[in-house]
1. Pairs, please: C-beta under 7 Å, at least 6 apart or cross-chain, first residue closer than 10 Å to Pro492 by Cβ and in the stretch 467-478, second open to solvent by less than 40 Å² (accessible area, probe 1.4 Å) and part of a loop (DSSP other than H, G, I, E, B)?
2. Could you check how many residues of the stretch 80-108 are open to solvent by 10 Å² or more (accessible area, probe 1.4 Å) and either among the aliphatic types (A, V, I, L, M) or part of a strand (DSSP E or B) (or both)?
3. What residue, among those in the stretch 424-482 that are assigned to a loop (DSSP other than H, G, I, E, B) and among the aliphatic types (A, V, I, L, M), is farthest from the ligand (Cβ to nearest atom)?
4. Would you confirm whether any residue within the stretch 161-175 is modelled with pLDDT of 95 or more, in a helix (DSSP H, G or I), within 14 Å of the ligand (Cβ to nearest atom) and not hydroxyl-bearing (Ser, Thr, Tyr)?
5. Output the number of residues of the stretch 72-92 satisfying the condition of being of a type outside the set (Ser, Thr, Tyr) and without any contact (Cβ under 8 Å) to a residue 60 or more places away in the chain.
6. Report yes if Phe417 is surrounded by 15 or more Cβ atoms within 10 Å (Cβ to Cβ), of a type in the set (Phe, Trp, Tyr), away from the ligand (no atom under 13 Å from the Cβ) and farther than 27 Å from Asp354 by Cβ, otherwise no.
7. Is it the case that Ser209 is touching an Asp or Glu at 6+ places or on another chain (Cβ under 9 Å), farther than 22 Å from Thr480 by Cα and either at pLDDT below 95 or loosely packed, with under 15 Cβ neighbours inside 10 Å (or both)?
8. Out of Ala228, Ala195, which single residue is surrounded by 15 or more Cβ atoms within 10 Å (Cβ to Cβ), within 16 Å of the ligand (Cβ to nearest atom), within 20 Å of the chain's Cα centre (by Cα) and not acidic (Asp, Glu)?
Amino acid sequence: MLSSGVRPPALSTAVRSLQRRSGGGVRDFQEIPHTGSNGWINLLRFWKDGRFSLLHKHMENTFRCLGPIYRESLGSQSSVNIMLPTDIGELFRSEGLHPRRMTLQPWATHRETRGHCKGVFLKNGTEWRADRLLLNKEVMVASAVRRFLPLLDDVAQDFCRSLRQRVETEGMGDTDQRSMTLDPSPELFRFALEASCHVLYGERIGLFSSSPSEESERFIWAVERMLATTPPLLYLPPRLLLALHAPLWTEHATAWDHIFSHAEARIQRGYQRLQTAVGGASDGRFLGVLGQLMEAGQLSSELIKANITELMAGGVDTTAVPLQFALFELARNPDVQEQMRAQVLSSWEQASGDPQKALQGAPLLKGAVKETLRLYPVGITVQRYPVRDIVLQNYHVPAGTLVQVCLYPLGRSPEVFEGPERFEPSRWAASGEGFRSLAFGFGSRQCVGRRIAENEMQLLLLHILRNFSLTVSSTEELNTKYTLILQPESPPRITFTTRSL
Ligand code: HEM
């Protein structure tokens, strides 16, 4: 639907200068195609049609109908949505020194009403930048990656050992080729939590033992509930829901309370352990991100807690879910799986147990992670408020407008990717990226857990490919649902067959 009968307002100097730059003819903001101008009616339609859980498909269909840019109002939120790399480049070039995303108001309200500090996820401006630069030193820079890579490798190897043992004892077939079909998602969630804790606290929490702790299972459950209750709350004022004791708000806030108390307990244990074990001095040992931040002494303990809690909450489902998709795609693409395994085996042998060398020698692993996130971006949009007026698709977009990069339609667009339906890790080897691989966001505000997530996922795939052949009984597309993260409607069942090592 194209908006009609809108009289363009008088042109500002900024727009006139944009027009000169683009050779004239820039169209007014109001002329951007839209999905209906009344946000509250749109929101009602969303509720009625259950469209929240299919937001990614809704975006794909809307681009198909309206073209590569559209406006959408939902409740109190309005955004311009884009999906083509040229527009995305223009947006990110105007993000400024302190890029801002859409605020997840329910999360912010939880912190404010409970008196918790905010971490980088929820902060903006100079406060955000100060915390972020300190965190980057512990989780993003190359020296930090070198410190935590062996910890992730330990967890990935243990995961495979434990799964192998299970397939060998409970599976069917010859002793050297036992097979078992299972939904690996509960194990993948435990893997992601174990890996996070090992990196954050420098400590193993024993989730691959026969009886994983109830505390950890509750944490995994709480993160899932917190994520699932976020999207419907995004478009309504949380304070009003709070005042009304709306059940959805109560469920959301209770889930966050569990996450906080779990993180608080782990952090307390971490503090005690670090103080008694090393008396404050590390002797060059890696103390986990918590210990490193304590030792650096530049963030207050309240801010350390706030940021570590965010890293805990942001670090489990975001990696466990894409791993389900990756295993499914490998299982239904046996040629890709074989090609990757050949590269992995040769690289592993040459690396003599050094995980960094092993990953460097097997670039298809990196390609597989990118390819998985292209088809199944765990966060379906990246958002920015440009700090200056810009032109997108020849429409004027004023500074301060919420613009969303829609990753699901981008990743599946035949205009951007050749054969977008194919799972081809090798497609990332040659070409430059040019605003096409954006699952972790972009620039100084990109995902702070990116290096943890990429390495954690690559190492798990490496050891799975060494240990098992993967197959699935049906190669049909997986149905997906959006619950703040994109996930399978029902987790895929995968057949794991042991390989001799
Ligand atoms: C495949 C896994 C993951 C994906 C696809 C992902 C994606 C994203 C995206 C798209 C953003 C917003 C970036 C932007 O605005 O440019 C983000 C931010 C963030 N992520 Fe991740 N993430 C993943 C894993 C993780 C992990 C493992 C952690 C914690 C260890 C984490 C913690 C965070 C935090 C704290 C932020 C906020 C950063 C800031 O605003 O400065 N994420 N992530």
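The values are calculated or read from the model by the stated rules, or taken from the named source; none is laboratory data. Since the structure is predicted, the reported quantities are computational estimates derived from the model, not experimental observations. Backbone-built Cβ (ideal geometry, glycine too); neighbour counts: all protein chains shown. These accessible areas exclude ligands, DNA and RNA; they are computed on the full protein's heavy atoms, side chains included. Shrake-Rupley method; radii C 1.70, N 1.55, O 1.52, S 1.80 Å.
1. Taking only residues 6 or more apart or on different chains, the pairs are Val472/Pro492; Leu478/Pro492.
2. The number of residues fulfilling the criteria is 5.
3. Taking the candidates together, the pick is Val472.
4. no
5. Keep residues of the stretch 72-92 that are of a type outside the set (Ser, Thr, Tyr), which gives 72, 74-75, 77, 80-85, 87-92.
Narrowing the set further to residues that are without any contact (Cβ under 8 Å) to a residue 60 or more places away in the chain leaves 72.
Of the residues in that region, 1 qualify.
6. Yes.
7. Numbers: touching an Asp or Glu at 6+ places or on another chain (Cβ under 9 Å): no; farther than 22 Å from Thr480 by Cα: yes; either at pLDDT below 95 or loosely packed, with under 15 Cβ neighbours inside 10 Å (or both): yes.
So Ser209 does not fit the description; no.
8. The unique qualifying residue is Ala195.
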